[in-house]
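*Asks:* My questions all concern the structure below.
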């Protein structure tokens, strides 16, 4: 059974990571690998689309925290989008909305990257 | 402490790929007890965090150790007791995490303990020499306040 899936695509100069399924201590290393790959490819404009993410635990949240500083040092950002209320609740409990930009949809996040460039 | 009947019990090996099964086990019991989908989701996450901590800290990622999850309930309270035989881990050393400290430092510990406290009505730890470690998570059916209000 596939309990977690990551799909990466490029949308202009923004890398979009789509998450699907259950992000927990078992699957968080997969997300870590995806972020490491982006870092080695010097891709720092990152949107994480959580539309199909059904579940997240602190192990998953830890991955976002580990990479955001490196990404921002390189003038990029990790923006999160399309969360279900259930997933948003977990981010909210840990205070993520203060430190991360969270958008209703992917397009908004991509536009924000382009605005920042101007 | 009043006696609560053991309603369900299950043993798992200390592997992260068993977390899915732990969540299913607890979720099914929580829904059957009468919790809303939102409360059930909060209970599931708290138990996941407790078991993840056991796998990481008590068993240091050894994959052949035992975790037992028992569910005790009475009319209004739903209590999950989680037992392990690993190194005891003192959660009182964990302070409320400051996200800013965590960012970029790969310092991830403490988030799970903090979440458990937020998600449940009561979190207790029992460590006694020669006995299994126990984490006890309780949620009351009557608690209508949302997590955000606490």
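Readers should treat all values here as calculations from the given coordinates under stated rules, not as data from a laboratory. Fair warning: this is a prediction, and the values are worked out from it, not measured in the lab. Heads up, the Cβs are rebuilt from the backbone with ideal geometry, glycines too, and the neighbour counts pull from every protein chain shown.
*Asks:* How much length is gained on full extension from residue A:75 to residue A:101, taking 0.36 nm per residue of separation minus their Cα-Cα distance?
*Replies:* Numbers: separation 26, 0.36 × 26 = 9.36 nm, distance 1.47 nm.
Stretched fully, the residue A:75-residue A:101 segment lengthens by 7.9 nm.
*Asks:* Give the percent of DSSP beta bridges with both residues in the protein assembly as shown that are antiparallel, rounded to the nearest 5.
*Replies:* Counting only bridges with both partners in the protein assembly as shown, antiparallel ones make up about 70 percent.
*Asks:* For the Cα atoms of chain A, what angle does the longest principal axis make with the long axis of helix A:28-40, in degrees from 0 to 90, nearest 10?
*Replies:* 20 degrees
*Asks:* Would you mind classifying the protein assembly as shown by shape? Square roots of the alpha carbon gyration tensor eigenvalues, ordered a ≥ b ≥ c; an a/c under 1.5 is rounded, otherwise it is prolate if a/b is larger than b/c and oblate if not.
*Replies:* Verdict is prolate for the protein assembly as shown.
*Asks:* Taking R0 as 45 Å, what FRET efficiency do you get between residue B:32 and residue A:117 from their Cβ-Cβ distance, rounded to the nearest 0.05?
*Replies:* That pair, residue B:32 with residue A:117, gives E of 0.30.
*Asks:* With a ≥ b ≥ c taken as the square roots of the eigenvalues of the C-alpha gyration tensor of segment A:32-118, please select rounded if a/c is under 1.5 and otherwise prolate if a/b is larger than b/c or oblate if it is not?
*Replies:* Because a/c hits 1.5 or more and a/b fails to exceed b/c, segment A:32-118 counts as oblate.
*Asks:* Apply 1/(1 + (r/R0)^6) to the Cβ-Cβ distance of residue A:33 and residue B:60, taking R0 = 22 Å, and write down the FRET efficiency to the nearest 0.05.
*Replies:* It comes out at approximately 0.50.
*Asks:* Additional query: Where in segment B:1-40 is the amide nitrogen less than 13 Å from a point lying 7 Å along the Cα-to-Cβ axis of residue B:74?
*Replies:* Of the residues in segment B:1-40, B:1-6 have backbone N under 13 Å from the label point off residue B:74.
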